[in-house]
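The values are calculated or read from the model by the stated rules, or taken from the named source; none is laboratory data. Since we're looking at a predicted model, the values are computed, not measured. Counting neighbours? That spans all protein chains shown, and the Cβs are built from the backbone with ideal geometry, glycine included.
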Amino acid sequence: MITAPVQSFVGSVFVETTQSRGWTAEELAARAADKIIYVGDQSHPAVQAQARAFKENVKQVVAFYLKEAIEQDRATIAARLTQAGHPNLVHLLGD
């Protein structure tokens, strides 16, 4: 039998949940921005401030396009429901 020492690092796990609903575009955008942009604790304060401002800007842009995607998907579903003879179900797609 051949054995070898193996080291592994799992890292930290962070869990977020919602209750009785899905994630909002803003919540998903914040999660995406957290993954895209890391602000180091050891960075110079001016660099931290600039990174945080950029991260907020990224969050706003991602949220905008997520909302656009949601609206477009709902429009597609509404059109398909109407074409399938179920226009009465379209109102269920509202917020």
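Out of all the residues in the stretch 57-85, which are loosely packed, with under 13 Cβ neighbours inside 10 Å, over 13 Å from Ala25 (Cβ atoms) and not basic (Lys, Arg)?
Result: Asn57, Ala75, Thr76, Ala79, Gln83, Ala84, Gly85.
Is it the case that the stretch 40-52 has a residue that's under 11 Å from the mean Cα position of the chain (by Cα), on the phi < 0 side of the Ramachandran plot and surrounded by fewer than 13 Cβ atoms within 10 Å (Cβ to Cβ)?
To start, the set of residues in the stretch 40-52 that are under 11 Å from the mean Cα position of the chain (by Cα) comprises none.
No.
I'd like to check something: does the stretch 46-56 contain any residue that is at pLDDT below 95 and either assigned to a loop (DSSP other than H, G, I, E, B) or in contact with a Cys (Cβ under 8 Å, 6 or more places away or on another chain) (or both)?
no
Please enumerate the residues belonging to the stretch 24-45 that are outside any helix (DSSP H, G or I) and either in contact with a strand residue (DSSP E or B) (Cβ under 9 Å, 6 or more places away or on another chain) or aliphatic (A, V, I, L, M) (or both). Let's see the steps before the verdict.
Keep residues of the stretch 24-45 that are outside any helix (DSSP H, G or I), which gives 24, 37-44.
Correct list: Ile37, Val39.
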